[in-house]
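Note sheet for the following structure.
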Amino acid sequence: VDVVTGKVAVYHQRRQADRTDGVILTPNQRVTFYEQEAHFVTGLVDAPKMIPVPKETRKPVSFHYNDTPLSDVIHHLEQAYGIAIEVENEALTNCQLTANLNDQPLFTQLDLICAALHMEYEVRGTTILFSGKGCQE
């Protein structure tokens, strides 16, 4: 199951009355159910899309950064895609990013951020984790 909008609860049919073995998904998340093991594995969809914003609150979305701290870039990406992003090394949050990531899919944006700041990312379930040494002042 891949979720585009809203929230979706997924439960194993045999245990629907119990409902303790299900998962709740939000946009850009997916779940796969392995019947033999009777368990769910959550993750991100292959091509995350920006979450639609109601017209009355819509502002143009820009992924253009000029000496922007990584902490602000992360916050912006989390808001745009509804995906949790964590940093393994807090020293990374002060790294400054100058880049134009407009018109790029999320994973390309992440690749470019990592190349510019000499770090890596990995998807762990429904969370993206940045790792690296941090930036020299």
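Annotations for the structure displayed:
- Taking first residues from the range 68-93 that are farther than 16 Å from Thr126 by Cα and partners that are of a type in the set (Gly, Ala, Ser) and surrounded by fewer than 17 Cβ atoms within 10 Å (Cβ to Cβ), the Cβ contacts under 6 Å between residues at least 6 apart in sequence or on separate chains come to Thr93/Ser71.
- Residue satisfying all of: in the range 32-44; under 15 Å from Arg124 (Cβ atoms) and of a type in the set (Val, Ile, Thr); surrounded by the fewest Cβ atoms within 10 Å (Cβ to Cβ) among these: Val41
- Looking only at the range 83-110, and only at residues there that are open to solvent by 60 Å² or more (accessible area, probe 1.4 Å) and within 13 Å of the chain's Cα centre (by Cα), the one that is nearest to Ile24 (Cα to Cα): Glu86
- Looking across the range 109-137, the residues that are farther than 21 Å from Asp46 by Cβ and either touching a residue at least 40 places away in the same chain (Cβ under 8 Å) or polar (S, T, N, Q) (or both) come down to Leu117, Ser131, Gly132, Lys133, Gly134, Cys135, Gln136.
- Single match in Val61, Val53, Val4 (criterion: modelled with pLDDT under 90, in a loop (DSSP other than H, G, I, E, B) and in contact with a helix residue (DSSP H, G or I) (Cβ under 7 Å, 6 or more places away or on another chain)): Val61
- Scan the range 65-82 for residues that are β-branched (Val, Ile, Thr) and crowded, with 16+ Cβ neighbours inside 10 Å and the total you get is 2.
The values are calculated or read from the model by the stated rules, or taken from the named source; none is laboratory data. Quick caveat: nothing in here was measured; it's all calculated off a predicted structure. FYI the Cβ positions are ideal-geometry reconstructions off the backbone, even for glycines, and counts take in every protein chain you see. Note: areas computed on protein heavy atoms with side chains; ligands, DNA, RNA excluded. Shrake-Rupley method; radii C 1.70, N 1.55, O 1.52, S 1.80 Å.
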